[in-house]
Each structure stands twice: as structure tokens, then as C-alpha cells.
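S.K.: Here you go, one structure.
Every read-out reported here was derived from the displayed coordinates using simple, explicitly stated rules and does not represent laboratory data. The shown structure was predicted, so the numbers you read here are calculated from the model rather than taken from an experiment. Cβ sites come from the backbone with ideal geometry, for glycine too, and all protein chains shown count toward neighbours.
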Amino acid sequence: MDTDLTAAFASLTTGIYVLTVADGAQHHGMSSSWATQVSGEPPLFSVAVDNGHFSSNVLMRTGLFGLNIVGARGKALEDYFYSAAARRPDNLAGMDYELSPKLGVPWLGAAMVSVEARVVNSVLAGDHRIFIAEPVGVRIRAADRPLTSLDLDYVYLGGRQVVARDRSGW
């Protein structure tokens with residue numbers, strides 16, 4: 001990616017989320033910032049997941065996931081799920097979470113809002129797959145301001161590309 005395009009993509013603001021999946025007794029979460037509402041009626045939203053990520057295979061198989069919205073006071077969630085320590089299939093072991101009431105996907109205790117969702121369609125988009133989903137249930141846990149990419153010292157641009165933010169010009 002050329003320098004100008006990298007700077008332009010790094011300027012796109014996004015929320016910070018943890019996408020969670022259940023594969024039998026194995027529960028997994030991943031840092032996610034590429035999520036957005038795509039329809040009002042019916043209410044639908046999308047998430048983009050790297051094709052090589054563990055969660056992508058589970059999503060393709062089950063069609064179910066949790067989207068945990070990280071609040072400003074929950075930055076430790078992003079720190080953990082973006083770290084090397086979280087790069088294992090059962091990375092929720094030892095964390096505070098419960099399974100959602102309808103679909104049985106992990107809802108994180110530290111998330112400000114959690115949504116359980118069912119995939120209604122997916123589209124291959126380069127090195128990621130976009131999953132379009134309908135919300136099935138919601139839990140609102142805490143009044144907080146959502147954590148955004150502007151709160152982080154880096155921005156994820158796909159694959160292994162992470163760009164450090166230059167805060168001097170912002």
C-alpha cells in the first residue's frame with residue numbers, strides 16, 4: 001500500500017469490538033474494528049474477518065457470533081485480544097464471560113454492549129470475508145463511551161499491517 005493510501009486508510013475512524021464465536025466447548029474472541037450497520041429495515045450489520053483467522057472458519061461453519069462493543073473503560077479488552085497471548089483457539093479461558101441466551105455465543109463481562117447475531121450472507125472481499133448479520137439479542141451492561149480507533153496508538157490496516165499513529169498532527 002502506498003504512503004498516501006496508508007495515511008488515508010489510517011484516517012478512517014472505527015469502533016473497537018471483540019467478535020466472539022463458539023465451536024462446541026471451545027470459545028474464542030478476536031479484536032475487530034471493521035464492523036458497521038448496513039441496513040435499517042431489517043436491521044443488519046456487517047463484520048469483516050481475515051480469511052486466515054480461526055474465527056473465520058468457525059463463522060463459516062456455524063453462522064453465529066457475538067459482537068462485544070468495547071467501552072473507553074474497557075481498553076484492556078482490546079489490549080488483550082490484539083496481543084500475542086490471544087492468538088490461540090480457546091483464548092477466553094479464564095475470562096469473565098457468559099453464553100448469550102438465544103444463540104449461545106460468548107458475551108464478555110467487560111463489554112459495554114454485547115449483541116448475539118446470525119449470519120444472513122457473506123461476501124469474499126480480498127483477504128477478508130464480510131459477514132452480514134441480523135441481531136438476535138442484545139445486552140447493555142454499562143453506560144460508557146465506545147472505544148474508537150482514535151483512542152489507540154495504532155491502526156490495523158489488514159494482514160500484518162499496523163500503523164502507529166502520529167498524534168502530533170491530530
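S.K.: Please report, in debye to the nearest 20, how large the charge dipole of region 1-105 is about its Cα centre when each Lys and Arg carries +1 at its beta carbon and each Asp and Glu carries -1 there.
M.R.: Value, rounded to 20: 220 debye.
S.K.: Taking a label point 7 Å from the Cα of Asp153 along the Cα→Cβ vector, which residues of region 77-98 have an amide N closer than 18 Å to it?
M.R.: Counting only backbone N, you get 77-85.
S.K.: What spacing in nm lies between the two simple spin-label points modelled at Met60 and Tyr80, each 7 Å away from Cα in the Cβ direction?
M.R.: Result: 2.8 nm between the two label points.
S.K.: Mind listing the phi-derived Karplus ³J(HN,Hα) values for region 43-48, rounded to whole Hz, using 6.51, -1.76 and 1.60 with θ = phi - 60°, and x for any glycine or proline?
M.R.: x, 9, 9, 10, 9, 10
S.K.: Ratio of alpha-carbon Rg to the 2.2 N^0.38 Å globular estimate for the chain, to two decimals, please. If you can, show how the numbers build up before the last one.
M.R.: Details: Rg = 15.4 Å, N = 170, 2.2 N^0.38 = 15.5 Å.
This ratio for the chain stands at 1.00.
S.K.: Which translational diffusion coefficient, to the nearest whole µm²/s, is obtained for region 6-104 from the Stokes-Einstein equation, given a Kirkwood hydrodynamic radius over C-alpha pairs, 4 °C and 1.567 mPa s?
M.R.: In µm²/s, the coefficient is 89.
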